[in-house]
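Participant: I have a structure I would like to understand better, so I am pasting it below and will then ask my questions one at a time.
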Amino acid sequence: MALELRFTGEDKDMTFDELEAFVQKARANEVDGSRHVYAELSTSGKVKVLIVNLGDDD
């Protein structure tokens with residue numbers, strides 16, 4: 001099982017500031033820029049959760 005960074009929007013749907021925090025945390029953990037990001041969307045198409053794997057399993 002790979003380690004991962006998982007961010008959830010504070011008020012259910014993610015804000016731009018929360019997205020920025022996710023990217024900063026990923027960069028601080030030396031996540032390669034080509035690594036895939038996975039998202040869970042609300043029924044309205046807004047981002048609820050973002051996930052990036054930190055291990056070898058992508």
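The values are calculated or read from the model by the stated rules, or taken from the named source; none is laboratory data. The shown structure was predicted, so the numbers you read here are calculated from the model rather than taken from an experiment. In this analysis, Cβ positions are derived from the backbone assuming ideal geometry, glycine residues included, and neighbour counts consider all displayed protein chains. For the accessible areas, the whole protein counts, side chains as well, though only heavy atoms, and no ligand, DNA or RNA atoms are used. Shrake-Rupley method; radii C 1.70, N 1.55, O 1.52, S 1.80 Å.
Participant: How big is the chain by Rg and Dmax over its Cα atoms, in Å?
Facilitator: Over the chain's Cα set, Rg and Dmax evaluate to 11.4, 32 Å.
Participant: While we're looking at this one, here's another question. How large a share of the accessible area of the chain, in percent, is made up of carbon and sulfur atoms when the probe is 1.4 Å and the other protein chains stay in place?
Facilitator: Carbon with sulfur: 50 percent of the solvent-accessible area.
Participant: Here's something else I'd like to know. How high is the relative contact order of the chain? Use alpha-carbon pairs under 8 Å, at least six apart in sequence, and give a whole percent.
Facilitator: Over the chain, the number comes to 51 percent.
Participant: Okay, moving on. Where the only charges are on Cβ atoms (+1 Lys, Arg; -1 Asp, Glu), what is the dipole of the chain about its Cα centre, to the nearest 20 debye? Walk me through the numbers before you get to the answer.
Facilitator: Values: 7 positive and 13 negative charges, 26 e Å.
The dipole magnitude comes to about 120 debye.
Participant: Highest mean first, how do 14-23, 32-41, 45-54 rank when packing is the count of other Cβ atoms within 10 Å averaged over residues?
Facilitator: Most protected by this proxy first, the peptides run 45-54, 14-23, 32-41.
Participant: Next question. Would you mind working out the accessible area per residue for the chain, using a 1.4 Å probe, and quoting it in Å²?
Facilitator: Accessible surface, normalised per residue, equals 77 Å².
Participant: Angle, helix 16-28 long axis vs. longest principal axis of the chain, Cα atoms, 0 to 90°, nearest 10?
Facilitator: 10
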